[in-house]
Structure formats: C-alpha cells, structure tokens
Amino acid sequence: MAKIKITGIKGMNDMLPEEAGIWEKFEDTARCVAASYGYRQIRTPILEATGLFARGVGEATDIVEKEMYSFTDSMNGEQLTLRPECTSAVCRCAIEHNITYNAPQRLWYFGPMFRHERPQRGRYRQFYQFGCEALGFGGPDVDIELLSLTARLWKNLGIKASLQLNSLGATEERARHREALVAYLKDNYDVLDEDARRRLETNPLRILDTKNPDMQAMVEAAPRLLDFLGEDSRRFLGSLEAGVQALGIDYTINPRLVRGLDYYNHTVFEWVTDQLGSQGTICGGGRYDPLIEMLGGRATPAAGFAIGAERVIELVRAAGGDKPVAACDIYVAHQGGHTELVARQIGEQLRDAGHRVIVHAGSTSFKSSMKRADQSLAQWAVICGENEVNAGQVAIKRLRDAQGNQQFAEQMTIALESLSEIFGAAKEPDFS
Ligand code: HAM
C-alpha cells in the first residue's frame, strides 16, 4: 500500500515541546497580570452560531465576508462557525447567563481563534489570543485600566511596543462623518482601487485603513472622524488621554485607526511594533458599548482588547526571553531490576517534597540514562547503581546550577535514608 503522508493544515501551527517554555511564560505572565487587576477567567466554546459573528463583528467586515470557517451541522442543519474572535462570544455568554445583572465583570480568556486569511509571518489561520473584557463599565476609567494592564504585561515580558489611540465617537457622530467621507471618496473615485470601490457603500471607514501606496495622499486628506466629535466624545477622549499620561504611558493619536470590527465606539487602540514586518499589531481593542444590546442583551457598556500570542511570543524571543526550560529538577537513573523499583520509590519521595522528577525509562545502560539526564536539563541526577543500592546507598551528581549552566562536579555517594533530608521541601538540596 502506498504510504500517505498526512501533514498539518496550512496556517495552523504545532507547538513543539521546545517551545512550551516560552508559551507558558507568556500565558502565566498574562494570567498573573490580569489577575493583579482583578480579572477572572471565562471560557466559551470554540464553535458558535454563525449569526453571532455576522451580527456582532459586522456583515461588511473582512472577517465575516471572507475569513470565517463556517459550515452546516450535518445532524441538524445549524449554521456554525469556528470563532474568529472571542469578544462576541463573551458577550453572548454574559447575556445568556445574565452575569452582569448584579455587578460589572472583569474577564479574561486565552484560546485559539480561526480566520481563513492568507498565511504569512505573524498571520495564521489558527492563532491564539489572550483577551480581557470589562463588561458593565461606562469608562473612560476602565479604558485607562485596560491600557495600563497591557503596558504592565509588556514590561513583565521584557518587550517594547507603541500605543496608538483614536476615538470613533458616538453613533450619530460616525454617521455624520460617514456621509462626509462617502461624498469625499466619491469625488476621488478615480483614485480608489477595486477593494475601496467595493467598500464605498458597505464600510467606507475601512478604506482609511488601506495599505495601497497610490491611495495614501487621498486618504491622508480625507475628512477626519476626530473633527466630527461632539463635546461629550471629546471630553471622553480628553479624560482617557489625561489618565494614560498620568500613568506615564506614551501614546500617539492616530486619526486613521479604525479597527477591523464593527462594534466599536469612542476608544479604539492598538499596540504596534516595527519588529514583526507587516503584521506589527500585537494587541487591538477598544470600547464597544453597542454590542451587548445588538446581541439581544440589556444595554451594557463595555471595553476590552485581545493580544495575538504568536506575535508577542516572537517579540519575547527576539528580546532573549526564550531560555530552555528543564523537563525536570532531578533525573533518577538506575540499572533495571530491583534498582528500578528503588528508583521509582525515590521518584515518589522526591515528588512528595515538591520536586519535578523523571525516573529513567527504556534502556538500562548508565551511558544512555546519563545522556537522557543531561538532555532533560535537570540540575541533579540521582544514580541507583547495583552496588550502591545493595549497600543502602545512592550516588548524586550535580549536572547544572540553578541558572541552567552545566556543572562538572564529582558524584557523591550518600545513604538512601538521607536523600529526603538532602532534597527537602526546598528546590536546592541542603547538605548542612
Ligand atoms: P483583532 O484586532 O481582530 O481584534 O485581533 C486582535 C489581535 O489578534 C491582533 O492585534 C493580532 O495581534 C492578533 N491576530 C489577529 N488576526 C491574527 C492572525 N490571523 N494571525 C495571528 N494573529 C492574529 C479582536 O479580535 C477583538 N476581539 C479585540 C477586542 C477585544 N476588542 C474588544 N475586546
């Protein structure tokens, strides 16, 4: 029979064990930072009804028009979609379980999202987002909180990014701006590319986001939404800026920042870097006061953001934050037979004391088990040789120091019963 090689799906990545350390660092840091602001975890299913995203994200957005993985459930004919983002899903869940009834909610999530985009560096078809959603807060205080949370996350991860802010104002202000913008774009119809002409009626604001160099000058001179903001919206933006400045967070106002999802009003923001080529946005978010009501809930103001994990991890790696992570603290080698049984008992004893332990499995040659011990990046090897075990002893050998630097220490023979004293509850053994 011909061998068939089955490969992974284009644009969907495997995470290999060597990468686990940096992913865990990202996830742990993000969780801890979110918790330090009082955010709690929420999980929603990866599949949702297609209508949720069509209504939430917006029919005329790229995501809904061409990027969703949607299908009909063959059992019951339901239209389903692999979530392309999680904000709509969190709102759907909040409405369904009425979780903002008594108190506002600070929530975070982490998980895979799916968009059928053309894969390239930093742009995948399955990618992970870490996001925070603050439901039931009118802002701008919570908008400032979300920005300081993200700034702290970059600091704790040892990376740098720049903040771009804009205001999309209120619905009526956007409507007035849209009218002026469409009139202006129609006057410049000759300069519009095919994509822009298509968007003229459906989503003209997104034309401002174009990367087409031939349209830059025209877009630069287009009516700016900022100039259409009324007094309340300007005050909102002013308070946001004052709050961000008071925390010492640098930012620039980018009047062309419009975001690719339809649910925003007032605050929108992106954290960007020039280190990742064309996919330089590592985090995007803003205020989405209309969304919960649009999805059938009680009018509830809200704001949030989502971070692209792959992009941030690439920055952490570039900043030297990708140290190899040891598979265990102590590697227990043995020679098979009754030395293996002793090795397993030692393994349990050391795990009771809180150590991460690998007891050798496979070939019982010492050479191969010491090679495995070294590959595991363990700090210590406990060696259960035939002669030592018969004499109620084991050998211990320091392989690496706490920083992971290789050590070439002699091995020492110790009594079996002193093992738990030496490797007490502390990570560092105590020979005193
Ligand atoms: P978004 O701008 O579509 O916003 O995505 C947020 C972040 O996810 C982006 O800035 C980027 O880092 C990452 N991302 C997006 N698409 C891809 C992709 N194809 N491959 C790799 N990374 C990607 C949202 O999703 C909103 N739900 C954010 C939000 C939360 N707004 C309010 N709350």
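Which percent of the accessible heavy-atom area of segment 246-304 goes to carbon and sulfur, probe 1.4 angstrom?
Numbers: 1050 of 2190 Å².
The nonpolar share, carbon plus sulfur, comes to 48 percent.
Give me, ordered by chain and number, the residues 5 or more places off G424 or on other chains with an amide H under 5 Å from its own placed amide H.
When sequence neighbours closer than 5 places are left aside, the close amide H contacts are D430.
List the lysines whose alpha-carbon lies under 30 Å from that of K371, not counting same-chain residues fewer than 8 positions away?
The qualifying lysines are K25, K323, K397, K427.
With +1 assigned to the C-beta of every Lys and Arg and -1 to the C-beta of every Asp and Glu, and no other charges, what is the dipole magnitude of the chain about the Cα centre in debye, to the nearest 20?
Working: 49 positive and 58 negative charges, 118 e Å.
About 560 debye.
Summarise the accessible area of segment 311-432 (1.4 Å probe, protein heavy atoms) by the percent that is carbon and sulfur. Could the numbers behind the result be given before it?
Numbers: 3270 of 6410 Å².
So the carbon and sulfur contribution to the accessible surface is 51 percent.
Can you tell me the dipole magnitude for segment 116-198 around its Cα centre, using point charges on the Cβ only (Lys, Arg +1; Asp, Glu -1), in Debye to the nearest 20? Numbers along the way, then the final one.
Details: 13 positive and 13 negative charges, 105 e Å.
Taking the Cα centre of segment 116-198 as origin, the dipole is about 500 debye.
List the aspartates and glutamates whose Cα lies under 12 Å from the Cα of K186, skipping any in the same chain that are fewer than 8 positions away.
E201
Compare the Cα positions of I159, L47, C91 along the charge dipole of segment 30-173 (+1 at Cβ of Lys, Arg; -1 at Cβ of Asp, Glu; about the Cα centre) and return the one farthest towards the positive end.
Going by the charge dipole, the pick is I159.
Between D190 and D374, what is the FRET efficiency for a Förster distance of 45 Å, r being their Cβ-Cβ separation, to the nearest 0.05?
Values: r = 68 Å, r/R0 = 1.51.
Efficiency, from the Cβ-Cβ distance: 0.10.
How many percent of Cα pairs in the chain exceed 28 Å? Numbers along the way, then the final one.
Working: 55831 of 93096 pairs.
In whole percent, the share of Cα-Cα pairs in the chain beyond 28 Å is 60.
Using the crude model of +1 on Lys and Arg Cβ and -1 on Asp and Glu Cβ, and no other charge, please compute the dipole size for segment 149-236 relative to its Cα centre, in debye to 20. Numbers along the way, then the final one.
Details: 15 positive and 15 negative charges, 125 e Å.
Computed charge dipole of segment 149-236: roughly 600 debye.
Give the accessible surface of segment 277-432 per residue, rounded to a whole number of Å², with probe radius 1.4 Å and ligands, DNA and RNA excluded. Don't skip to the end; give the middle numbers.
Details: 7390 Å² over 156 residues.
So segment 277-432 comes to 47 Å² accessible per residue, rounded to a whole number.
How much area per residue is accessible in segment 1-123 when the probe is 1.4 Å and only protein heavy atoms are counted (Å²)?
Numbers: 7180 Å² over 123 residues.
Roughly 58 Å² per residue, with all protein chains present.
Once the Cα gyration tensor of segment 77-125 is found, what semi-axes does its equivalent ellipsoid get, as square roots of 5 times the eigenvalues, in whole Å, sorted largest first?
Working: eigenvalues 157, 49, 7 Å².
Its equivalent ellipsoid spans semi-axes of 28, 16, 6 Å.
Between T210, V182, G230, whose Cα lies farthest towards the positive end of the dipole of segment 167-280 when Lys and Arg beta carbons carry +1 and Asp and Glu beta carbons carry -1, centred on the Cα centre?
Looking along the dipole axis, the top candidate is G230.
At a Förster distance of 41 Å, what's the computed FRET efficiency of T252 paired with A327, Cβ-Cβ distance as r, to 0.05? Walk me through the numbers before you get to the answer.
On the way: r = 44 Å, r/R0 = 1.08.
Step by step, r from the Cβ atoms, then E = 0.40.
Counting only heavy atoms of protein chains, what accessible area per residue, in Å², does segment 193-276 have with a probe of 1.4 Å? Don't skip to the answer; put the middle values down first.
Working: 4160 Å² over 84 residues.
The answer is 50 Å² per residue.
Which percent of the accessible heavy-atom area of segment 69-109 goes to carbon and sulfur, probe 1.4 angstrom? Display every interim value, and only then the final one.
Values: 1030 of 2070 Å².
C and S atoms contribute 50 percent here.
As a check on your grasp of the helix formula, calculate [θ] at 222 nm for the chain: sum -39500 (n - 2.57) over DSSP H runs of n ≥ 4, divide by the residue count, round to the nearest 500.
-10000 deg cm²/dmol
Between Q279, Q403, Q393, which gets the highest mean-square fluctuation from a Gaussian network model of the chain, Cα cutoff 10 Å?
Looking only at Q279, Q403, Q393, the biggest GNM fluctuation is shown by Q403.
Once whole DSSP H runs in the chain are found, which of them have Cα atoms spread over 18 Å or more along the helix axis and a mean Kyte-Doolittle score of at least -0.5? Walk me through the numbers on the way to the answer.
Working: long enough: 20-36 (23 Å, -0.03); 141-157 (24 Å, 0.28); 171-187 (24 Å, -1.14); 231-246 (22 Å, -0.45); 337-352 (23 Å, -0.82).
Once both thresholds are applied, what remains is 20-36, 141-157, 231-246.
Any idea which of A319, F408, V332 is furthest toward the positive side of the dipole for segment 306-420, if Lys and Arg beta-carbons carry +1 and Asp and Glu beta-carbons -1?
Working it through, the farthest residue towards the positive pole turns out to be A319.
The values are calculated or read from the model by the stated rules, or taken from the named source; none is laboratory data. Source: prediction; values computed, not measured. Positions of Cβ are backbone-derived with ideal geometry, glycine not excepted, and every protein chain shown enters the neighbour counts. Ligands, DNA and RNA are stripped out before the accessible areas are found, and what is left, the full protein with its side chains, is counted by its heavy atoms. Shrake-Rupley method; radii C 1.70, N 1.55, O 1.52, S 1.80 Å.
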